[in-house]
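Q: Got a structure here, written out as structure tokens. Questions coming.
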DNA sequence: GCAATAATGCAATTCCATTGCATACATTTT
DNA sequence: AAAATGTATGCAATGGAATTGCATTATTGC
């Protein structure tokens, strides 16, 4: 089991107290979170710092960025063996219209999508919207 | 062949000069357009009017709204036989990272996506990103 | 034509993302 | 260990797009 420090160092991210806290926060959340979610969790910290920290994580491929159609960017830790940047490894996301949570369905890979001649597919964003298990069960 | 007036009336949208113009503009564009695109095409008109006109079109199901991940909402006329609101009829969208255009691939339907037990799928947003035929051909 | 209803235009606001700059911290070098 | 360098953080401000309130104008039904 890798420590968080090791994860960060292996990606050439300097270890700071703030970054460790934010990493832990992301790891604790099974759902994708917004910047505001993070901001609420760390009220003493400045929004800019949180913003840049997460941005660094995204650039260094330890967090992936999700656009679930709400207009607000969400973030989630990548899986250990995740290679988000590679098309074939992309999983899909589920956005619950009821509780407004977005969940990574990491075990659900995106099926191969055919595009017309001349089009080159580099990346796929697939968001399923509806009702999540928690909300539909009630 | 239905006239634009008939299309609008059939959806209970009051026919106005502005709405006819915006409808025509959307019909002329094969690609999905942003509010700013529309604004540039009708510089005399106010942004709010354009915004509300398109919003009305979306609500009445003659335009569908696309979230291609650029952070800016795009709009495109629905096909005549389109029923966007129904999951099985959803087509996919292609966003070109080069020319920044978003195209409706209406003939490409979204494959059936499986979601885990307890999840109810109501809607699917699928955007393929890469290089469009025009850009890859050069 | 008149009253009711809806569309339009202007101004202002909200919300989130993003940047500039000064300061604090950490790492490396001597 | 101190100085020098580079990076992270915090504060303030900006930008861009979506959205709303309200007054005015147009359209519809009677």
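The values are calculated or read from the model by the stated rules, or taken from the named source; none is laboratory data. Quick caveat, the model's predicted, so the values are computed rather than measured. We place every Cβ from the backbone using ideal geometry, glycine too, and count neighbours over all the protein chains shown.
Q: At pLDDT 90 or above and more than 26 Å from residue A:73 (Cβ to Cβ): is that true of residue B:62 in this structure?
A: yes
Q: Can you tell me which residues in region A:121-138 are surrounded by fewer than 19 Cβ atoms within 10 Å (Cβ to Cβ), facing another protein chain (nearest Cβ under 7 Å) and more than 17 Å from residue B:106 (Cα to Cα)?
A: Across region A:121-138, the qualifying residues are A:122, A:123, A:133, A:136, A:137.
Q: Tally up the residues in region A:34-50 that are closer than 18 Å to residue A:70 by Cβ and either assigned to a helix (DSSP H, G or I) or modelled with pLDDT under 95 (or both), please.
A: Residues that pass the stated criteria total 6.
Q: Further question on the same structure: Just to be sure I understand, how many residues within region B:99-120 are modelled with pLDDT of 90 or more, in a strand (DSSP E or B) and farther than 22 Å from residue B:34 by Cα?
A: The qualifying residues number 1.
Q: Does residue A:5 fit the bill of being within 15 Å of DNA strand D (Cβ to nearest atom) and not in a loop (DSSP other than H, G, I, E, B)?
A: When the stated conditions are applied, residue A:5 passes them.
Q: Would you mention how many residues in region A:2-21 are near DNA strand C (Cβ under 10 Å from one of its atoms) and crowded, with 17+ Cβ neighbours inside 10 Å?
A: Going through region A:2-21 one residue at a time, the tally reaches 0.
Q: Which of the numbered conditions does residue B:79 fail, given that it passes all the others? Conditions: (1) in a loop (DSSP other than H, G, I, E, B); (2) on the phi < 0 side of the Ramachandran plot; (3) in contact (Cβ under 8 Å) with a residue 40 or more places away in the chain.
A: (3) is the only condition that residue B:79 fails.
Q: Something else now. Suppose the filter is touching a strand residue (DSSP E or B) at 6+ places or on another chain (Cβ under 9 Å), within 14 Å of chain B (Cβ to nearest Cβ) and more than 15 Å from DNA strand C (Cβ to nearest atom); does residue A:78 pass it?
A: Spelling it out, it is not the case that residue A:78 is touching a strand residue (DSSP E or B) at 6+ places or on another chain (Cβ under 9 Å), within 14 Å of chain B (Cβ to nearest Cβ) and more than 15 Å from DNA strand C (Cβ to nearest atom).
Residue-by-condition table, conditions (1) crowded, with 18+ Cβ neighbours inside 10 Å; (2) within 14 Å of another protein chain (Cβ to nearest Cβ); (3) on the phi > 0 side of the Ramachandran plot:
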{"position": "A:23", "(1), (2), (3)": "yes, no, no"}
{"position": "A:27", "(1), (2), (3)": "no, no, no"}
{"position": "A:30", "(1), (2), (3)": "no, yes, no"}
{"position": "A:40", "(1), (2), (3)": "no, no, no"}
{"position": "A:47", "(1), (2), (3)": "no, no, no"}
{"position": "A:55", "(1), (2), (3)": "no, no, no"}
{"position": "A:67", "(1), (2), (3)": "yes, yes, no"}
{"position": "A:72", "(1), (2), (3)": "no, yes, no"}
{"position": "A:118", "(1), (2), (3)": "no, yes, yes"}
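Q: Here is a further query. Here's a check for you: in region A:14-30, which residue that is at pLDDT 90 or above and not in a helix (DSSP H, G or I) is farthest from DNA strand D (Cβ to nearest atom)?
A: The qualifying residue farthest from DNA strand D (Cβ to nearest atom) is A:15.
Q: Now for a different question. Where the second residue is modelled with pLDDT of 85 or more and not in a strand (DSSP E or B) and the first is farther than 13 Å from residue A:128 by Cβ and more than 9 Å from every other protein chain (Cβ to nearest Cβ) and lies in region A:95-115, which pairs have Cβ atoms under 6 Å and are six or more apart or on separate chains?
A: So the pair list comes out as A:98/A:135; A:99/A:135.
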